[in-house]
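Let me begin by presenting the structure, written as structure tokens, before commenting on it.
Read-outs: derived from the displayed coordinates by stated rules, not from any lab. Bear in mind that the values here come from a model prediction, so they are computed numbers and not experimental data. So basically every Cβ, Gly included, is an ideal-geometry build from the backbone, and we count neighbours across all protein chains shown.
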């Protein structure tokens, strides 16, 4: 996988100009702002993004497998910013945004926490696999997956097939401190239940990281980036 260095300063000759036709509001990231719930032109660059560094790994994807397949699928740990970045991208590209957790709640009529309580993780993963399968063939926008989605072998196979057909899979990475700081309420996250959410977060991320890395066409370390800057990087790399 090709390694791409930090974004160049806008004043340098290596900077890639951004098409300003798709306005994207600057949304500075602050801890506790995490959320559960033609050819696209890239959103405007974050005016301070050149002051930050971004660890990138990139395999240039082909066009989406079809008009009804997602333009991009976002994966990564809890608190990486998949939902807010996904919404920014969808708005800039004038596409629909969907989140697999929200789709599961619509399908089952229960919140994620309720589904874990009534049916356990197995019931949740089964419903999650069903909604992701459907989204991959019918949702031509931006799709965000829950952190543990790829732990289900059936869901993993779906994403591998999507990627093999030319789909873009973006892995948004984040440290434990930053990730937890972006989550409003860990009690709403069944996988973080217990007295040591940071330890649990780190354990889950370590177990899931190989699947995120192996299936990503683009990897972005988000610790020092605003959601707007992350969206800008994705849009530029996928242009």
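A few remarks follow.
- Counting neighbouring beta carbons within 10 Å and listing from fewest to most, the residues 111, 144 come out as 111, 144.
- Using 0.36 nm per residue and subtracting the Cα-Cα separation, the extra length available between residue 68 and residue 202 on full extension is 44.7 nm.
- Rounded to the nearest 5, the antiparallel percentage of DSSP beta bridges internal to the stretch 56-238 is 20%.
- Rg of the Cα atoms in the stretch 56-238, relative to 2.2 N^0.38 Å, amounts to 0.96.
- Paramagnetic label zone (point 7 Å from Cα along Cα-to-C-beta, residue 126; backbone N under 20 Å) in the stretch 77-108: 100-108
- Structural descriptor for the stretch 56-238: relative contact order 37 percent, calculated from alpha carbon pairs under 8 angstrom and at least 6 residues apart.
- Among 156, 88, sorting on how many other beta-carbon atoms sit within 10 Å of each Cβ, with the fewest leading, yields 156, 88.
- Calculated SAXS-style log₁₀ I(q)/I(0) at q = 0.16, 0.17, 0.18, 0.26 Å⁻¹ - the stretch 72-153, Debye, Cα scatterers: -0.58, -0.65, -0.72, -1.31
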